[in-house]
1. When you scan segment 89-127, how many residues do you find that are in contact with a helix residue (DSSP H, G or I) (Cβ under 9 Å, 6 or more places away or on another chain) and either part of a loop (DSSP other than H, G, I, E, B) or under 19 Å from M66 (Cα atoms) (or both)?
2. Give the residues of segment 62-87 that are surrounded by 12 or more Cβ atoms within 10 Å (Cβ to Cβ), over 19 Å from the mean Cα position of the chain (by Cα) and touching a residue at least 12 places away in the same chain (Cβ under 8 Å), sorted by residue number.
3. State which residue is farthest from K105 (Cα to Cα) when the search covers only segment 51-69 and only residues that are in a loop (DSSP other than H, G, I, E, B) and modelled with pLDDT under 90.
4. From the list T76, T72, which residue is at pLDDT 70 or above, under 16 Å from C117 (Cα atoms) and not in a loop (DSSP other than H, G, I, E, B)?
5. Quick check, is G31 part of a loop (DSSP other than H, G, I, E, B), at pLDDT below 60 and buried (at least 16 other Cβ atoms within 10 Å of the Cβ)?
Amino acid sequence: MKTTTLLKSISLVTLLGAALAAPVLAQPGPGMWGGMGMGMQNGGPGAGPMGPGARGMGGMGGAALMTAEERTAMMTKMRAVKTYDECKLLQSEQHKAMEARAKEKGITLPEPRQNRCDMMKARGLIG
């Protein structure tokens, strides 16, 4: 009888802990689209004499140079592509535009950490 009560108590505590942790885990964190990321805060690791993110842009690449509306538009375009070649063309055009913006600001655009087109193809989202 005591064992059953103990197991019920452990199960209840575990369930309660999971329920309390779920909202925290669901929050967007630093990353490509979920937040500003490291180095974008004033004085952070990416801050230099030209302002926040001037050196390396905190790993966000061209996304740091776009407005929220531009990022949303780019995500919409990426979701609409049907083929790998179409994806690569869109990605190439966007990269060129962001390189030009970075050059205007006197910063170097970092190389992408991952290829979104390859990821989309691997997941079967494009052919």
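The values are calculated or read from the model by the stated rules, or taken from the named source; none is laboratory data. Quantities reported herein were computed from a predicted structural model and do not represent experimental measurements. Using ideal geometry, Cβ is built from the backbone for each residue, glycine included, and neighbour counts are taken over all protein chains shown.
1. The first filter runs over segment 89-127 and keeps only residues in contact with a helix residue (DSSP H, G or I) (Cβ under 9 Å, 6 or more places away or on another chain), leaving 90-91, 94-95, 97-99, 101-102, 105, 107-113, 115-118, 120-121, 125-127.
So of that shortlist, the ones also either part of a loop (DSSP other than H, G, I, E, B) or under 19 Å from M66 (Cα atoms) (or both) come out as 90-91, 94-95, 97-99, 101-102, 105, 107-113, 115-116, 125-127.
Here the count works out to 22.
2. V81, T83, Y84, E86
3. Of segment 51-69, the ones in a loop (DSSP other than H, G, I, E, B) are 52-55, 60, 66-67.
Next cut, modelled with pLDDT under 90 only: 52-55, 60.
On the way: P52: 12, G53: 11, A54: 8, R55: 11, M60: 16 Å.
Taking the candidates together, the pick is M60.
4. Criteria check complete, one pass: T76.
5. Answer is no for this residue.
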